[in-house]
1. Could you say which residue among Leu171, Leu197, Leu161, Leu149 is touching a helix residue (DSSP H, G or I) at 6+ places or on another chain (Cβ under 9 Å), closer than 26 Å to Gly284 by Cβ and either at pLDDT 95 or above or not in a loop (DSSP other than H, G, I, E, B) (or both)?
2. Within the range 174-189, can you find the residues that are part of a helix (DSSP H, G or I) and either in contact with a His (Cβ under 6 Å, 6 or more places away or on another chain) or in contact (Cβ under 8 Å) with a residue 24 or more places away in the chain (or both)?
3. Being within 24 Å of Ile67 (Cα to Cα), in contact (Cβ under 8 Å) with a residue 60 or more places away in the chain and of a type outside the set (Val, Ile, Thr) is the filter here, so list the residues in the range 93-113 that pass it.
4. For the range 221-239, give me each residue that is polar (S, T, N, Q) and either closer than 18 Å to Tyr119 by Cα or within 15 Å of the chain's Cα centre (by Cα) (or both).
5. Mind listing whichever residues of the range 229-276 are touching a helix residue (DSSP H, G or I) at 6+ places or on another chain (Cβ under 6 Å) and closer than 30 Å to Lys189 by Cβ?
6. Are any residues in the range 102-136 within 16 Å of Gly256 (Cβ to Cβ), of a type in the set (Phe, Trp, Tyr) and touching an Asp or Glu at 6+ places or on another chain (Cβ under 9 Å), and if so, which ones?
7. Quick one: count up the residues across the range 240-264 that are over 22 Å from the mean Cα position of the chain (by Cα) and closer than 22 Å to Ala95 by Cα.
8. On the basis of being closer than 30 Å to Ala116 by Cβ, out of contact with any Phe, Trp or Tyr (no Cβ under 9 Å at 6 or more places or on another chain) and aromatic (Phe, Trp, Tyr), does Tyr184 make the cut?
Amino acid sequence: MMKRLVIAATLGIAALGSLPQDAAAQARAICYNCPPEWADWGSQLKTIQSKLGIQVPPDNKNSGQAIAALIAEKNNPVADVTYLGGIAADPAKDAGVLTPYKPQGWDKIPASLKDADGYWFTIHSGTLGLFVNKQALRGKPVPQSWADLLKPDYKGMVGYLDPTSAAVGQLGVMAVNLALGGSYENLDKAIDFYKKLAKNDPIVPKQTSYARVISGEIPILLDYDFNAYRGQYTDKAPVQFVIPSEGSVVFPYVMGLVNKGPNAENGKKVLDFVLSDDSQAMWGNAFLRPVFADKLSAEAKAKFLPDAEYARAKPIDLKKLAAAQKSIIDRYKNEVN
């Protein structure tokens, strides 16, 4: 009798012990490329846990690393959702690592900012321009155009991420190309520009270089507005953002549901949340343009350049950009690098 009670008690304890694990599994979602220091994902993840009761561990992959991991794990997925730069959206879809899901608010997203079948959708965007540390210019004027960057005054002062490995570097090539009269199919304008810029001793890092601009090591960086505003308003650095006079582009960031992810229902709740009023306002407070423009608060918008300046920045065509990606890499590598 005593033996049976001990066995029963042991089984009962084991059963009770398994409950927290099961509950934890049900209240978890894995996001690839949700780094807490980027775009204030840290606040988003904390809010998801407090409002939804779903734990989403931070993840520091970039878009390329996220897709590589998703492909490697295709037969046994680890992630439930992923966040990607827009240029990676269709490649992820084509690789078969995403599955359709149309979250709450889907119908309000402009058609050009989502996959028609629901494989991915935009949550916010950034505008490419010049992230300038005014103090590091040592008395030189803040450049106002792409053409200014070619002036001898800025020799050794201009930086851009390597277009052979960084999505923002590839976007920079296309932004310059379109602003100077080129097309998605013909990159001659950009290649000519980068050849000339190469004679001005540019700084070409392979990874995000926010800290190097804040410190003044890179006085001028081709980068997003949200990084510049973060430097200006959060870190109180002597920096400003410039949209070049010839024009620039607006680049969306997207999310999607991972195909056969282990916590799909929780993943769907996360995707619903990032389009919610609360989340969209939070993106705006982190200096990104929420996909629902009316969720950018007046206080946050007051820190952006005026709308008249942003009129020069046109939405990028994601499909045409993705189609041009190989050409951007190959031509830069063969003709500039």
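The values are calculated or read from the model by the stated rules, or taken from the named source; none is laboratory data. Quantities reported herein were computed from a predicted structural model and do not represent experimental measurements. Note: ideal-geometry Cβ built from the backbone for every residue, glycine included; neighbour counts use all protein chains shown.
1. The match here is Leu171.
2. Met174, Ala175, Val176, Leu178, Ala179, listed by residue number.
3. Selection gives Lys93, Gly96, Leu98, Pro100, Tyr101, Pro103, Trp106, Ser112, Leu113.
4. Selection gives Asn227 alone.
5. Correct list: Gly231, Val239, Phe241, Ile243, Glu246, Gly247, Ser248, Val249, Phe251, Pro252, Val254.
6. Tyr119, Trp120, Phe121
7. The total comes to 4.
8. In short, yes.
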